[in-house]
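Undergrad: Have a look at this one.
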Amino acid sequence: MVDLAALTGVLTRAPVVPVLIIDRLADAGPLGSALVRGGLPALEVTLRTPVALEAIRAMADIPGGVVGAGTVLDAGQAKAAVEAGAKFLVSPGATPTLIDAAHALGVPLLPGVATASEAMAARERGLRLLKFFPAGPAGGPAYLKALASPLQDIRFCPTGGVGPENALDYLSLPNVICVGGSWVAPGDAVRAGDWTRIESLARGAAALRG
Ligand code: 3PG
(Lines give C-alpha, C1' and ligand atoms only; values in the text may rest on other atoms or scores of the structure.)
Protein backbone atom coordinates (compact mmCIF):
# COMPACT_ATOMS: atom_id res chain seq x y z
CA MET A 1 0.00 0.00 0.00
CA VAL A 2 1.44 3.36 -1.00
CA ASP A 3 1.30 6.09 1.63
CA LEU A 4 0.39 8.98 -0.64
CA ALA A 5 -0.71 11.15 2.27
CA ALA A 6 2.71 11.05 3.91
CA LEU A 7 4.50 12.00 0.70
CA THR A 8 1.93 14.69 -0.09
CA GLY A 9 2.55 16.07 3.39
CA VAL A 10 6.29 16.32 2.74
CA LEU A 11 5.98 17.80 -0.74
CA THR A 12 3.38 20.44 0.10
CA ARG A 13 5.32 21.98 2.96
CA ALA A 14 7.10 24.37 0.60
CA PRO A 15 7.33 24.93 -3.16
CA VAL A 16 10.96 23.83 -3.30
CA VAL A 17 12.77 20.74 -2.03
CA PRO A 18 16.50 21.49 -1.68
CA VAL A 19 18.71 18.86 -3.30
CA LEU A 20 21.84 18.66 -1.15
CA ILE A 21 25.30 17.29 -1.83
CA ILE A 22 27.12 17.33 1.50
CA ASP A 23 30.88 16.81 1.51
CA ARG A 24 31.66 17.76 5.12
CA LEU A 25 29.62 16.25 7.90
CA ALA A 26 30.07 19.38 10.01
CA ASP A 27 28.07 21.35 7.42
CA ALA A 28 24.97 19.16 7.70
CA GLY A 29 23.40 20.66 10.83
CA PRO A 30 23.97 24.35 10.07
CA LEU A 31 23.01 23.89 6.41
CA GLY A 32 19.78 22.12 7.29
CA SER A 33 18.93 24.66 9.96
CA ALA A 34 19.52 27.58 7.58
CA LEU A 35 17.23 26.05 4.97
CA VAL A 36 14.49 25.34 7.52
CA ARG A 37 14.81 28.87 8.94
CA GLY A 38 14.43 30.22 5.42
CA GLY A 39 11.19 28.28 4.96
CA LEU A 40 12.26 25.05 3.24
CA PRO A 41 11.58 22.24 5.73
CA ALA A 42 11.88 19.20 3.41
CA LEU A 43 15.57 18.40 2.93
CA GLU A 44 16.82 15.89 0.35
CA VAL A 45 20.33 14.66 1.16
CA THR A 46 21.73 12.88 -1.88
CA LEU A 47 23.63 9.66 -1.29
CA ARG A 48 26.50 10.88 -3.42
CA THR A 49 29.17 11.47 -0.81
CA PRO A 50 30.80 9.28 1.84
CA VAL A 51 29.22 11.30 4.67
CA ALA A 52 25.67 11.34 3.25
CA LEU A 53 24.19 8.80 5.68
CA GLU A 54 25.82 10.49 8.66
CA ALA A 55 24.55 13.82 7.36
CA ILE A 56 21.00 12.43 7.32
CA ARG A 57 21.51 11.28 10.90
CA ALA A 58 22.75 14.75 11.85
CA MET A 59 19.78 16.45 10.22
CA ALA A 60 17.08 14.11 11.48
CA ASP A 61 16.41 16.16 14.60
CA ILE A 62 16.37 19.67 13.17
CA PRO A 63 13.23 21.28 14.61
CA GLY A 64 10.63 21.86 11.94
CA GLY A 65 12.56 19.91 9.31
CA VAL A 66 11.94 16.60 7.59
CA VAL A 67 14.97 14.90 6.13
CA GLY A 68 14.95 12.45 3.24
CA ALA A 69 17.51 10.67 1.10
CA GLY A 70 18.04 11.37 -2.58
CA THR A 71 19.89 9.49 -5.31
CA VAL A 72 18.67 6.22 -3.78
CA LEU A 73 19.58 3.64 -6.41
CA ASP A 74 18.85 0.27 -4.81
CA ALA A 75 17.20 -1.56 -1.94
CA GLY A 76 20.35 -1.60 0.18
CA GLN A 77 20.69 2.15 -0.01
CA ALA A 78 17.00 2.57 0.78
CA LYS A 79 17.38 0.48 3.93
CA ALA A 80 20.54 2.29 5.04
CA ALA A 81 18.91 5.67 4.49
CA VAL A 82 15.84 4.77 6.53
CA GLU A 83 18.05 3.41 9.31
CA ALA A 84 19.90 6.74 9.30
CA GLY A 85 16.61 8.57 9.78
CA ALA A 86 15.38 9.36 6.28
CA LYS A 87 11.63 9.98 6.29
CA PHE A 88 11.29 9.89 2.50
CA LEU A 89 13.30 8.57 -0.42
CA VAL A 90 13.96 10.11 -3.83
CA SER A 91 15.46 8.27 -6.79
CA PRO A 92 16.42 9.31 -10.31
CA GLY A 93 14.49 6.37 -11.79
CA ALA A 94 11.76 3.91 -10.85
CA THR A 95 12.75 0.25 -10.74
CA PRO A 96 10.30 -2.41 -9.50
CA THR A 97 12.88 -3.59 -6.96
CA LEU A 98 13.29 -0.14 -5.46
CA ILE A 99 9.53 0.41 -5.32
CA ASP A 100 9.16 -2.95 -3.54
CA ALA A 101 11.92 -2.04 -1.09
CA ALA A 102 10.33 1.29 -0.20
CA HIS A 103 6.97 -0.42 0.34
CA ALA A 104 8.58 -3.04 2.57
CA LEU A 105 10.32 -0.33 4.59
CA GLY A 106 7.09 1.63 4.90
CA VAL A 107 8.70 4.84 3.71
CA PRO A 108 7.38 7.13 0.95
CA LEU A 109 9.29 7.01 -2.34
CA LEU A 110 9.41 9.75 -4.96
CA PRO A 111 10.82 7.92 -7.97
CA GLY A 112 12.00 9.61 -11.12
CA VAL A 113 10.34 9.26 -14.52
CA ALA A 114 10.88 11.04 -17.82
CA THR A 115 8.25 9.57 -20.14
CA ALA A 116 4.53 8.81 -20.19
CA SER A 117 5.24 5.07 -20.21
CA GLU A 118 7.44 5.31 -17.13
CA ALA A 119 4.81 7.38 -15.37
CA MET A 120 2.16 4.79 -16.29
CA ALA A 121 4.31 1.94 -15.00
CA ALA A 122 4.73 3.74 -11.67
CA ARG A 123 1.01 4.50 -11.64
CA GLU A 124 0.27 0.78 -12.00
CA ARG A 125 2.15 0.32 -8.72
CA GLY A 126 -0.12 2.83 -7.00
CA LEU A 127 2.23 5.78 -7.20
CA ARG A 128 0.69 9.16 -7.99
CA LEU A 129 3.53 11.51 -7.03
CA LEU A 130 6.60 11.28 -9.25
CA LYS A 131 9.82 13.15 -9.78
CA PHE A 132 10.21 14.42 -13.35
CA PHE A 133 13.92 13.96 -14.03
CA PRO A 134 16.01 15.40 -15.55
CA ALA A 135 13.36 18.06 -15.99
CA GLY A 136 15.18 20.46 -18.29
CA PRO A 137 16.76 18.00 -20.74
CA ALA A 138 13.64 15.79 -20.70
CA GLY A 139 11.43 18.56 -22.07
CA GLY A 140 10.90 21.19 -19.41
CA PRO A 141 7.58 22.83 -18.53
CA ALA A 142 6.12 22.32 -22.02
CA TYR A 143 6.56 18.57 -21.75
CA LEU A 144 5.01 18.39 -18.28
CA LYS A 145 2.12 20.56 -19.44
CA ALA A 146 1.44 18.08 -22.23
CA LEU A 147 1.24 15.22 -19.71
CA ALA A 148 -1.31 16.98 -17.50
CA SER A 149 -4.41 16.16 -19.51
CA PRO A 150 -3.78 12.45 -20.24
CA LEU A 151 -2.21 11.68 -16.83
CA GLN A 152 -4.75 13.56 -14.76
CA ASP A 153 -4.16 11.87 -11.42
CA ILE A 154 -0.37 12.18 -11.38
CA ARG A 155 1.53 15.13 -9.96
CA PHE A 156 5.21 15.74 -10.47
CA CYS A 157 8.19 17.25 -8.71
CA PRO A 158 10.44 18.39 -11.59
CA THR A 159 14.14 18.33 -10.70
CA GLY A 160 17.28 18.81 -12.74
CA GLY A 161 17.88 22.17 -14.37
CA VAL A 162 15.30 23.96 -12.24
CA GLY A 163 16.34 27.33 -10.82
CA PRO A 164 14.96 30.70 -9.79
CA GLU A 165 14.69 31.72 -13.45
CA ASN A 166 12.28 28.94 -14.43
CA ALA A 167 10.82 27.51 -11.20
CA LEU A 168 7.60 29.48 -11.61
CA ASP A 169 7.12 28.08 -15.12
CA TYR A 170 6.88 24.66 -13.49
CA LEU A 171 5.05 25.69 -10.32
CA SER A 172 2.26 27.34 -12.32
CA LEU A 173 1.35 23.99 -13.93
CA PRO A 174 -1.60 22.13 -12.35
CA ASN A 175 0.31 18.83 -12.28
CA VAL A 176 3.33 20.17 -10.40
CA ILE A 177 3.28 19.72 -6.63
CA CYS A 178 6.70 21.28 -5.99
CA VAL A 179 10.12 21.51 -7.61
CA GLY A 180 13.50 20.23 -6.50
CA GLY A 181 16.82 21.95 -6.95
CA SER A 182 20.31 22.53 -5.71
CA TRP A 183 20.40 26.27 -6.30
CA VAL A 184 19.41 27.07 -2.72
CA ALA A 185 22.61 25.47 -1.40
CA PRO A 186 25.43 26.49 -3.77
CA GLY A 187 28.71 24.66 -3.19
CA ASP A 188 30.70 27.84 -2.63
CA ALA A 189 28.30 29.09 0.03
CA VAL A 190 28.35 25.74 1.84
CA ARG A 191 32.16 25.59 1.70
CA ALA A 192 32.36 29.12 3.09
CA GLY A 193 29.81 28.39 5.82
CA ASP A 194 27.73 31.28 4.52
CA TRP A 195 24.50 30.18 6.20
CA THR A 196 23.08 33.70 5.97
CA ARG A 197 23.23 33.54 2.17
CA ILE A 198 21.69 30.08 2.16
CA GLU A 199 18.89 31.18 4.45
CA SER A 200 18.24 34.10 2.14
CA LEU A 201 18.17 31.84 -0.94
CA ALA A 202 15.77 29.54 0.89
CA ARG A 203 13.55 32.49 1.79
CA GLY A 204 13.36 33.49 -1.86
CA ALA A 205 12.55 29.94 -2.91
CA ALA A 206 9.91 29.55 -0.20
CA ALA A 207 8.14 32.66 -1.49
CA LEU A 208 7.94 31.39 -5.07
CA ARG A 209 4.34 30.28 -4.74
CA GLY A 210 1.70 32.12 -2.74
C1 3PG B 1 20.62 16.58 -9.32
O2 3PG B 1 20.65 15.72 -10.17
O3 3PG B 1 21.63 16.93 -8.70
C4 3PG B 1 19.31 17.19 -8.98
O5 3PG B 1 18.36 16.82 -9.90
C6 3PG B 1 19.41 18.66 -8.87
O7 3PG B 1 19.64 19.20 -10.09
P8 3PG B 1 20.09 20.72 -10.20
O9 3PG B 1 21.51 20.81 -9.67
O10 3PG B 1 20.00 21.03 -11.67
O11 3PG B 1 19.15 21.54 -9.38
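The values are calculated or read from the model by the stated rules, or taken from the named source; none is laboratory data. In this text the structure is predicted, and so the values were computed from the model without any measurement. Every residue, glycine among them, receives a Cβ derived from its backbone with ideal geometry; neighbour counts consider all protein chains shown. Surface areas here come from the heavy atoms of the whole protein model, side chains and all, with no ligands, DNA or RNA. Shrake-Rupley method; radii C 1.70, N 1.55, O 1.52, S 1.80 Å.
Undergrad: Largest first, how would 196, 46 line up by accessible area (1.4 Å probe)?
TA: The ranking, largest first, comes out as 196, 46.
Undergrad: What lysines does residue 79 reach when the alpha-carbon gap must be under 19 Å and sequence neighbours fewer than 8 apart in one chain are set aside?
TA: 87
Undergrad: Please give the solvent-accessible surface of residue 33 in Å², to the nearest 10, using a probe radius of 1.4 Å with every protein chain present.
TA: About 40 Å², ignoring ligands and nucleic acids.
Undergrad: Leaving out ligands, DNA and RNA, and with a 1.4 Å probe, what % of the accessible surface on the chain is carbon or sulfur?
TA: On the way: 5070 of 8880 Å².
C and S atoms contribute 57 percent here.
Undergrad: Kindly report the accessible area of region 62-172 per residue (heavy atoms of protein chains, probe 1.4 Å, no ligands, DNA or RNA), in Å².
TA: Numbers: 4610 Å² over 111 residues.
About 42 Å² of surface per residue is accessible.
Undergrad: Taking the Cα centre of the chain as origin and charging only Cβ (+1 Lys, Arg; -1 Asp, Glu), how large is the dipole, in debye to the nearest 20?
TA: Details: 17 positive and 17 negative charges, 64 e Å.
Dipole of the chain, to the nearest 20 debye: 300 debye.
Undergrad: What's the center-to-center distance, using Cα atoms, between region 183-208 and region 27-88 in Å?
TA: Cα centroid of region 183-208 versus Cα centroid of region 27-88: 17 Å apart.
Undergrad: Hey, rough spin-label estimate for residue 4 and residue 192, points 7 angstrom out along Cα→Cβ, what's it come to in nanometres?
TA: If labels sit at residue 4 and residue 192, their model points lie 4.5 nm apart.
Undergrad: Could I ask something else about it? In straight Cα distance, which lysines are under 29 Å from residue 145, not counting same-chain residues fewer than 8 positions off?
TA: Straight-distance partners of residue 145: 131.
Undergrad: Just to be sure I follow: if Rg is taken over the C-alpha atoms of region 4-202 and Rh is the Kirkwood radius over the same atoms, what is Rg/Rh? Before the final figure, lay out the partial values.
TA: Numbers: Rg = 15.7 Å, Rh = 16.5 Å.
Rounded to two decimals, Rg over Rh is 0.95.
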